[in-house]
Structures are given as structure tokens and as C-alpha cells.
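The values are calculated or read from the model by the stated rules, or taken from the named source; none is laboratory data. No experiment lies behind these values; they were computed from the predicted model shown. Here the Cβ is made from the backbone with ideal geometry for all residues, glycine too, and neighbour counts use every protein chain on show.
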Amino acid sequence: MPEAQRILVIHGPNLNLLGSREPDVYGATTLAEIDRALEAAGKEAGASLEFFQSNHEGELVERIQAAAGAAEGILINPAGLTHTSVVLRDALLATGLPVVEVHLSNVHARESFRRTSLVSDVAVGVVCGFGPASYRLGLTGLLSHLQGSP
Ligand code: DQA
């Protein structure tokens, strides 16, 4: 049996509040529910997922750095740091790992500052606007990239 693909799933600031945070924008699903569903989808696809959420940029950077050599890919919702964080982008690049960026909301249909991402151009792909399904779709894309699909 082939080795499970190891995927690090990163959730940025304020995503710990999902379920109660602006439910009209982000829905009623909690982060724990998202992680559970994603873990099941990963298992079915032969991947083993590790999850990390932090409200602190430095902690996110340290967790991302630790993924080099320990994971095959990174699925990340950088949340508000998407639009501002050079250090998060640099940390992702430093791993040399393929990255998929996901967002629950359609960031292009909101305030104009959300249309800028410092992560998108270093990601192999971006999924946004599908609520919790963005994560599942992003995982499918990342795994298919790792399997060498164009
Ligand atoms: C988000 C979109 C970001 O603009 C926002 O700052 C978030 C969540 C999303 O998943 O839709 O915190 O990344």
C-alpha cells in the first residue's frame, strides 16, 4: 500500500470563532466540524492530515517552517493575513512545498482589500466562496497536484 500523503492544514486568525463569527458571511459550521469532515475526506483519499490554528502570525510561521520535510503539501486558509502578511508568504515559500489557498467566502465579492492576496501567486491553486466545501475542494486539488495531474 502506498504511503499516506501528509498534508498540513493551517487556519489563520479568527477562524477559531467559526460558527459564531459573522455567520451570514462564514456560515454556522464550526472549525472542529470542518476539520472532522476534512479528516474523513483525507482518509478516504489516502491522506493523513494535521491541523493547526493560531491567532498569532509567529506561531503560524513556526508551524509552517516545521512542515518542511515532514509533510508533502500545505492547505491553508490564511484568513486576514492573506491580505497583509509577507512573513507568512515567505514561510510558505521557504518550505518548498506545494500550497493550496482556501477561503470560505468569495473574497472577490467583498471589500476591495480582500482582493489582494500575498499567497495566491505562490500557491498551486486557490479555492474560495464555497463555505466549508472550499477546504474539501482545495484538498482534492492539492492531492491531485501531488499525484502529478496537470
Ligand atoms: C477568509 C477571508 C478573509 O478575508 C478574512 O479575513 C477571514 C476569512 C475566508 O475564509 O473567507 O478571516 O479567509
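Could you list all residues from region 74-85 that are more than 9 Å from the ligand (Cβ to nearest atom), buried (at least 24 other Cβ atoms within 10 Å of the Cβ) and not hydrophobic (A, V, I, L, M, F, W, C)? None - no residue of region 74-85 is more than 9 Å from the ligand (Cβ to nearest atom), buried (at least 24 other Cβ atoms within 10 Å of the Cβ) and not hydrophobic (A, V, I, L, M, F, W, C), so the list stays empty. Residues in region 1-60 that are farther than 14 Å from ALA79 by Cβ and within 13 Å of the ligand (Cβ to nearest atom): 4 in all. Taken over region 1-25, the criterion of being in a strand (DSSP E or B) and crowded, with 21+ Cβ neighbours inside 10 Å is satisfied by ILE7, LEU8, VAL9, ILE10, HIS11. Apart from one condition, SER105 fits all of (1) within 19 Å of VAL9 (Cβ to Cβ); (2) within 15 Å of the ligand (Cβ to nearest atom); (3) outside any loop (DSSP other than H, G, I, E, B); the exception is (3).
Residues of region 108-150 that are within 20 Å of LEU18 (Cα to Cα), in a helix (DSSP H, G or I) and touching a residue at least 24 places away in the same chain (Cβ under 8 Å): ARG114, SER134, TYR135, ARG136, LEU137, GLY138, LEU139. Checked against the criterion of being over 18 Å from LEU142 (Cα atoms), outside any helix (DSSP H, G or I) and not polar (S, T, N, Q), the candidates ALA28, ALA67 yield just one match: ALA28. In this structure, ARG89 qualifies as basic (Lys, Arg) and either at pLDDT below 95 or over 14 Å from VAL9 (Cβ atoms) (or both). Taking each residue of region 70-98 that is assigned to a helix (DSSP H, G or I) and looking for partners that are charged (D, E, K, R) and within 12 Å of the ligand (Cβ to nearest atom) with beta-carbon atoms closer than 7 Å, six or more apart or interchain, yields HIS83/ARG114.
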